[in-house]
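Engineer: Structure below; questions to follow.
The values are calculated or read from the model by the stated rules, or taken from the named source; none is laboratory data. These numbers were taken from a predicted model, which means no experiment stands behind them. Note that each Cβ is placed from the backbone with ideal geometry, even for glycine, and that neighbours are counted across all protein chains shown.
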Amino acid sequence: MALSLIYQTFIIVLLLTFSFGPAFFALINTGIRHGHRTASLLAVGVVLSDFVVCILIIFLVHFGATNFIQDEKSQRFMGILAGIILIVFGALHFREPVENGKDATIEIKVPSANMMVFKGFFLNSLNPTVWLLWLGNVTAVGKTLSYSIFKMIVYFSITLGLVLLVEIGKVSVANKLKKILTAKIMHRVNVVTGCLLMVFGVALIYNHFFEH
């Protein structure tokens with residue numbers, strides 16, 4: 001049982017921290033632009049979202065009420081809403097830098113702590129893939145833990161604590177890159193991130209609207 005849980009923990013941490021989705025690119029971009037502290041707050045929002053989704057699914061699985069997650073209409077609504085939000089977030093990355101003299105340094109207003117946590121939470125929560133991923137995680141781990149609500153909450157709390165540590169380490173590396181990047185390159189990184197977020201948004205809308 002212990003070896004099984006260790007293996008499952010490794011897989012979950014790997015999936016959550018290195019899946020190349022919207023949250024991944026938003027974290028890296030924020031670490032480069034605003035520094036370690038601000039990006040860490042975004043990571044807190046993402047992990048907090050994972051925790052809330054996880055707890056909800058634990059209770060839904062316990063009471064046998066997971067149909068709405070797998071329901072086509074629910075997935076369609078969440079997919080389109082998430083797509084619109086990602087496109088808006090992506091578009092905001094296209095704001096022109098403020099030039100200051102010959103060096104064209106960027107004057108960046110650092111977002112508030114609440115704003116970053118809020119952004120991370122909703123960027124993650126509204127992604128239908130996250131809900132399906134957690135449904136799979138809870139189902140797999142639930143079998144090992146005999147679907148005990150208390151044991152699953154303790155297990156996933158510890159696992160998400162590890163995820164947060166890895167996320168903070170990730171944004172720390174991104175923050176160090178800031179020291180070697182010019183203002184022009186940083187702006188290009190911002191534009192690329194915006195494009196990627198918009199592509200994710202369009203893909204979500206297409207997959208949950210035009211393909212149905």
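Engineer: Go through the range 142-170 and give me each residue that's in a helix (DSSP H, G or I) and at pLDDT below 85.
Structural biologist: Within the range 142-170, G142, K143, T144, K170 qualify.
Engineer: Looking at (1) over 23 Å from L92 (Cα atoms); (2) in contact with a helix residue (DSSP H, G or I) (Cβ under 7 Å, 6 or more places away or on another chain); (3) surrounded by fewer than 19 Cβ atoms within 10 Å (Cβ to Cβ), find the lone condition where S146 falls short.
Structural biologist: Result: S146 passes all but (2).
Engineer: Next question. Looking at T159, T129, T144, can you tell me which residue is over 19 Å from S4 (Cβ atoms), out of contact with any strand residue (DSSP E or B) (no Cβ under 6 Å at 6 or more places or on another chain) and among the polar types (S, T, N, Q)?
Structural biologist: T129
Engineer: Within the set of pairs 6+ apart or on separate chains, which have a first residue in the range 56-80 that is surrounded by 11 or more Cβ atoms within 10 Å (Cβ to Cβ), a second that is in a loop (DSSP other than H, G, I, E, B) and at pLDDT 70 or above, and C-beta atoms under 9 Å apart?
Structural biologist: From residues that are surrounded by 11 or more Cβ atoms within 10 Å (Cβ to Cβ), the pairs are I58/Y147; V61/Y147; H62/Y147; M78/L126; M78/N127; G79/L126; G79/N127.
Engineer: Oh, and also: Collect the residues in the range 18-31 that are modelled with pLDDT of 80 or more and not small (G, A, S), keeping them in residue-number order.
Structural biologist: L27, I28, N29, T30
For (1) among the polar types (S, T, N, Q); (2) farther than 28 Å from Y206 by Cα; (3) assigned to a helix (DSSP H, G or I); (4) at pLDDT 80 or above, each residue gets a yes or a no:
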{"site": "A39", "(1), (2), (3), (4)": "no, yes, yes, yes"}
{"site": "V53", "(1), (2), (3), (4)": "no, no, yes, yes"}
{"site": "I58", "(1), (2), (3), (4)": "no, yes, yes, yes"}
{"site": "L81", "(1), (2), (3), (4)": "no, no, yes, no"}
{"site": "F89", "(1), (2), (3), (4)": "no, no, yes, no"}
{"site": "R95", "(1), (2), (3), (4)": "no, no, no, no"}
{"site": "E99", "(1), (2), (3), (4)": "no, yes, no, no"}
{"site": "D103", "(1), (2), (3), (4)": "no, yes, no, no"}
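Engineer: Continuing with the same structure: Considering only the range 134-143, how many residues are surrounded by fewer than 20 Cβ atoms within 10 Å (Cβ to Cβ) and in contact (Cβ under 8 Å) with a residue 24 or more places away in the chain?
Structural biologist: Here the count works out to 4.
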